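Just below is one structure, and these are the notes that go with it.
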Amino acid sequence: MILNDAREKIRQKNPFLDDIKYPHHCRMAPLLSRIQARDDEAFRLSVDSLSMILDPHDGIRELGNDAAHVATEAEKTAAIMSDVDGLSTRERDCFRNIYGYAYGRPPIKPT
């Protein structure tokens, strides 16, 4: 759900993305620069984060799709903030960036 929300937001702010099929990772840096020039909130995103958002075949998207669609916001936050779900450090950092972009605030670790 976080990836879907981020993808919807990034496409709304960058309509030119509708004309681009998923770009290969090697072209992500210039694409991110173009997006960041048009979208003030995109500073939160890295090349890896952008790839996770735009790649419809990303393994992380497929793994989390079923669970995320029924998760509460607290559950989504807990999933990206905890170390128990099997995400790598890079993936967790990307999700924190994506969450911040999608919802306009960083995730806060539940107490």
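Screening region 1-71 for helices (runs of 4 or more DSSP H) wholly inside it with 2 or more residues that are modelled with pLDDT of 80 or more and over 15 Å from ARG92 (Cα atoms) returns the ranges 2-13, 28-38.
Beta carbons closer than 7 Å, at least 6 apart along the sequence or on distinct chains, pair a first residue in region 38-58 that is buried (at least 17 other Cβ atoms within 10 Å of the Cβ) with a second that is aromatic (Phe, Trp, Tyr) and not in a helix (DSSP H, G or I) for LEU54/TYR22; ASP55/TYR22.
Looking at the structure I just gave you, is ASP93 of a type in the set (Asp, Glu), surrounded by 12 or more Cβ atoms within 10 Å (Cβ to Cβ) and at pLDDT below 80? Please lay out each step first, then the result.
Numbers: of a type in the set (Asp, Glu): yes; surrounded by 12 or more Cβ atoms within 10 Å (Cβ to Cβ): yes; at pLDDT below 80: no.
So ASP93 does not fit the description; no.
The C-beta contact set for region 6-20 (first residue closer than 11 Å to ARG38 by Cα, second residue not in a helix (DSSP H, G or I), distance under 7 angstrom, 6+ apart or interchain) comprises LYS13/ASP39; ASN14/ASP39.
The values are calculated or read from the model by the stated rules, or taken from the named source; none is laboratory data. What you are looking at is a predicted structure, and each value in this text was computed from that prediction instead of being measured. Backbone-built Cβ (ideal geometry, glycine too); neighbour counts: all protein chains shown.
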